[in-house]
């Protein structure tokens with residue numbers, strides 16, 4: 001660039017003389033001094049202003065403004081030096097050249113930077129990804145500026161519903177109305193549409209997505225306003241549509257007073273704090289400014305990650321909250337008792353559980369030990385140290401369960417129901433040193449459906465499969481599930497804890513269930529791909545039916561009893577549940593504890609079937625250890641040593 005600027009300085013001097021003399025110029029005598037002076041002044045000044053440190057691929061208004069300043073300084077010095085030379089040389093150095101040369105030189109330098117940027121970035125018209133930006137506001141314009149410096153997209157225009165913007169242009173890109181989108185996609189070969197609407201309501205976004213759903217384009221979005229606090233938008237901010245966009249309904253709005261009731265200024269313990277639900281619970285509780293937040297999990301890396309995240313959030317929001325990471329498992333009563341005895345928590349959110357249905361089906365003893373015995377241990381410690389409120393995170397799979405995971409969660413609910421109705425429950429036979437405890441704890445259960453975005457859920461799985469080019473696997477074409485977001489689920493838990501008086505099972509009115517097959521189709525289409533099937537064999541991605549997994553059922557239910565009771569929250573109901581009194585239940589739990597200790601899988605399944613009303617666990621055992629031993633016994637019988 002220095003060499004280019006030297007040539008441009010000489011060219012600008014020649015043009016200045018030529019224009020002044022009105023004839024092609026060849027310097028003579030003292031005129032050579034002005035040719036030498038031009039680059040001798042320009043290069044040091046440009047170095048001083050940092051113009052040779054600029055990356056021309058990303059040249060913008062700031063760089064052009066700096067170039068103009070440097071050229072102005074150069075022009076003033078050039079004219080001054082010319083006037084000084086005139087005192088020595090009376091002829092051949094017209095003063096007009098001292099004005100024309102800097103002007104011409106400035107134009108040439110600016111043009112060279114623009115051409116360099118155009119050459120380095122390319123025209124972008126040959127790129128395969130052709131983009132429309134939905135939203136001609138500040139976020140859309142900033143995004144367009146970011147796209148201009150890359151080779152990833154050809155930006156074709158804007159879409160906006162503002163009549164004052166439709167038909168006008170932004171940087172030579174036309175603003176179109178929403179009614180033109182379908183025609184534009186076909187005529188211009190649009191492959192991507194970016195929603196640059198960070199301040200739009202969820203309802204507005206869903207309406208827009210609904211109109212774009214049938215188009216063969218990949219729809220993505222920018223973050224919300226709070227994520228754009230820096231005021232800059234880059235391609236790194238592009239992301240797939242929110243889970244709420246895929247869900248297609250308004251999230252449940254929380255009652256702020258209920259959120260704060262059991263958290264503000266109190267000591268709160270969250271078990272399973274590194275899990276999907278547990279970590280979001282920690283975030284929700286932290287926002288309500290507890291005095292101390294205790295994080296318990298058996299995963300070292302998971303606990304480290306969530307602790308670092310929460311510490312950073314607390315520092316950013318200036319929250320005076322002590323956050324304590326605690327390694328440990330709810331399987332070990334001594335550890336739970338030690339924690340409760342040290343910090344004396346006011347509220348316990350018990351989210352620690354094994355939740356993946358096939359995994360628990362193949363490892364039933366461990367699953368039941370964690371979900372049932374872990375609940376007993378945590379509830380016992382809560383009673384022993386006078387925890388005010390104990391909240392169990394449960395699941396719709398606890399209703400008439402067809403799998404071990406669901407049955408274990410229903411037993412966990414029954415434990416808390418029985419404890420809530422017992423003034424002094426006796427834990428003899430359910431652990432070392434167990435005995436009676438005085439009951440001053442409110443036990444509350446919260447049951448909800450599948451959580452979108454959690455580990456092992458459908459949406460992340462489908463996204464990975466789509467990124468790999470398919471196929472997308474659905475277990476059965478008629479599978480239907482209730483869905484909620486992680487944020488909704490955890491806010492429900494916190495609010496239910498505040499409403500509960502003891503022994504209640506709360507459920508969320510989650511609206512209509514979602515057909516998994518339709519969710520898969522929607523994700524494929526909104527990712528810009530076409531569905532491959534018998535009617536469209538040339539499509540991009542197909543959906544494969546993989547078959548129901550062990551313990552899985554087509555439909556999930558949220559209630560056992562009929563006629564649920566309303567609560568103070570319009571979207572939270574209370575289920576009518578039957579349960580055993582603690583004296584009877586504890587004897588069954590002692591038998592279950594013994595079967596777990598022996599890893600007697602058949603006995604575990606039988607006891608769960610007896611305990612849980614409506615359970616249909618079947619007779620087949622899927623435990624990996626059991627199946628391996630059975631296979632070896634068959635081989636030994638067929639071919640004895």
Exercise. For the range 391-496, what proportion of DSSP beta bridges, expressed in % and rounded to the nearest 5, is antiparallel?
Worked result: 10 percent
Problem set entry | Gyration tensor (alpha-carbon) shape descriptor, the range 467-615, a/c threshold 1.5 | oblate
Exercise. For a label point 7 angstrom out from the Cα of residue 72 toward its Cβ, which stretches of the range 101-117 have the backbone nitrogen within less than 19 Å?
Worked result: 101-111
Exercise. Taking the DSSP beta bridges in the chain as the whole, what percent of them are antiparallel, to the nearest 5?
Worked result: 20 percent
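How many Å³ per residue does the convex hull of the Cα positions in the range 244-365 occupy?
Taking only Cα atoms, the range 244-365 has a hull volume of 135 Å³ per residue.
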Seminar exercise, completed: Note: the range 365-510 at 10 °C, 1.306 mPa s; Kirkwood Rh on alpha carbon pairs; Stokes-Einstein D in µm²/s works out to 94 µm²/s
For this session: Sticking to Cα atoms, compute the Rg of the chain to one decimal and its Dmax as the biggest Cα-Cα distance, whole number, in Å.
Result: 35.0, 120
Problem set entry | Rg(Cα)/(2.2 N^0.38 Å) for the range 1-52, N = residue count | 1.23
For this session: Counting other beta carbons within 10 Å of each Cβ, put 138, 169 in order, fewest first.
Result: 169, 138
Exercise. Given a Förster radius of 45 Å and the C-beta distance between residue 29 and residue 172 as r, what FRET efficiency does 1/(1 + (r/R0)^6) yield to the nearest 0.05?
Worked result: 0.40
Seminar exercise, completed: Most exposed first, judged by fewest Cβ atoms within 10 angstrom, 409, 165 run 165, 409
Seminar exercise, completed: A correct fewest-to-most ranking of 582, 32 by other Cβ atoms within 10 Å would be 32, 582
Seminar exercise, completed: Kirkwood Rh for the range 2-121 from C-alpha pairs, in Å, is 14.7 Å
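Values quoted throughout were computed directly from the atomic coordinates according to the rules given, and no laboratory measurement underlies them. Here the structure is a predicted model, which is why all the values come from computation and not from measurement. Here Cβ is always computed from backbone atoms with ideal geometry, including for glycine, and neighbour counts include all displayed protein chains.
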